Amino acid sequence: STWPVAWKAVVSTQSTGALAAAYGALDQGSLLMGRSCDTFLPEEGIDEFSFLPGTDPASFVEEFQNSSSVDNRIKFHSGTTTLGFKFKHGVIIAVDSRATAGSYIASQTVKKVIEINPYLLGTMAGGAADCSFWERLLAKQCRIYQLRNRERISVAAASKILSNMVYQYKGMGLSMGTMICGWDKRGPGLYYVDSDGQRTTNYMFSVGSGSTYAYGVMDTGYRYEMSVEEACALGKKAIMHAGHRDAMSGGVVNLYHMREEGWVKVSQTDISQMYYQSLEEKK
């Protein structure tokens with residue numbers, strides 16, 4: 001087996017922290033690539049791991065962002081609209097589905113809600129790869145917590161785990177602005193976590209380039225005592241107007257309702273159809 005050789009090499013050349021990081025890289029890499037961990041271990045006679053070029057994301061990306069050559073310069077533009085708010089009957093999560101690469105619309109069918117477990121949801125804003133990876137890793141940690149403690153993890157603890165994980169990579173080029181919402185012993189919970197490790201809670205968050213438009217709709221229509229139907233309509237309306245006015249947002253509105261019994265996906269509605277239908281209703 002190549003396992004003893006691999007671990008002997010790592011232990012002899014790396015610190016305890018690096019050893020843990022190497023193990024995590026192997027484990028996470030194998031999950032992402034769909035390959036066995038043995039694939040990533042060195043062969044007999046090789047005394048160290050080989051790393052891909054650009055292992056320091058910050059310095060690797062800086063070369064292209066600040067390049068003197070215009071042809072080599074890359075600008076990372078991201079945009080989206082995600083919305084979450086508490087009300088009397090739980091939490092509403094509403095998101096658009098457009099992915100952009102600068103001015104190019106890469107996709108209109110991105111699923112920007114990560115279903116962590118039946119009682120936890122996460123949203124995606126920023127880099128799609130970063131949000132997807134770290135929230136999937138969070139799902140793994142939440143499941144481990146549940147197995148160890150024989151109870152569901154709280155929304156506050158789940159958001160804190162995510163914050164602690166990404167804080168270790170602060171300044172390395174991560175791009176993530178996510179909301180974590182759920183229901184636990186304390187009732188409904190809603191937290192905002194970003195790639196700098198910032199974590200805060202409130203009754204309402206909107207994240208992304210279209211968030212100002214969504215906030216405008218929410219400020220005029222939000223009431224804590226709303227019914228479920230009114231809250232769902234308000235969430236869809238906010239994303240619809242953001243999708244119409246913000247070039248980086250669009251596609252469909254995916255709407256979720258977090259209840260005491262867990263989350264339920266309420267609807268998936270085309271933004272363009274909603275907008276032109278609303279114009280017809282005004283006539």
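The values are calculated or read from the model by the stated rules, or taken from the named source; none is laboratory data. Just so you know, these numbers come straight off a predicted model, no measurement behind them. A quick note on method: Cβ atoms are made from the backbone with ideal geometry, for glycine too, and the neighbour counts reach across all protein chains shown. Areas reflect the complete protein model, heavy atoms only, side chains present, ligands, DNA and RNA absent. Shrake-Rupley method; radii C 1.70, N 1.55, O 1.52, S 1.80 Å.
Using a 1.4 angstrom probe, figure out how much accessible area region 109-262 has per residue, in square angstrom, rounded to the nearest whole.
For region 109-262, the solvent-accessible area averages 47 Å² per residue.
Compute the normalised compactness of region 69-227: alpha-carbon radius of gyration over 2.2 N^0.38 Å, N being the residue count.
1.08
At 0.36 nm per residue, minus the direct Cα-Cα distance, what do ARG223 and SER278 gain on full extension? Give it in nm, one decimal, please.
17.6 nm
At a 1.4 Å probe radius, which order do TRP263, TRP183 fall into by accessible area, largest first?
The most accessible residue leads, giving TRP263, TRP183.
What does the accessible area of THR123 come to, in Å² to the nearest 10, when a probe of 1.4 Å is used?
The accessible area comes out at roughly 0 Å².
Among ARG148, ARG223, what's the order by accessible area (1.4 angstrom probe), most exposed first?
Per-residue accessible area, sorted high to low, gives ARG148, ARG223.
Report ³J(HN,Hα) in whole Hz for each residue of region 254-262, in order, from the Karplus equation J = 6.51 cos²θ - 1.76 cosθ + 1.60 where θ = phi - 60°; Gly and Pro get x.
9, 10, 10, 10, 8, 10, 4, 7, x
For region 81-161, state which GluC sites (Glu not before Pro) are in a DSSP loop and have at most 15 other beta carbons lying within 10 Å of their beta carbon.
Counting only loop positions with at most 15 other Cβ atoms within 10 Å, the GluC sites (Glu not before Pro) in region 81-161 are GLU151.
Hey, rough spin-label estimate for SER59 and LYS185, points 7 angstrom out along Cα→Cβ, what's it come to in nanometres?
Those two pseudo-labels are separated by 4.7 nm.
Can you compute the modelled spin-label distance between GLU151 and SER267, with each label point 7 Å from Cα toward Cβ, in nm?
So the label points at GLU151 and SER267 sit 3.8 nm apart.
Ranked highest first by average number of other Cβ atoms within 10 Å, how do 225-231, 242-248 line up?
Packing order, densest peptide first, comes out as 242-248, 225-231.
How big is the gap, in Å, between the Cα center of region 212-283 and the Cα center of region 118-151?
Here the two parts' Cα centres lie 25 Å apart.
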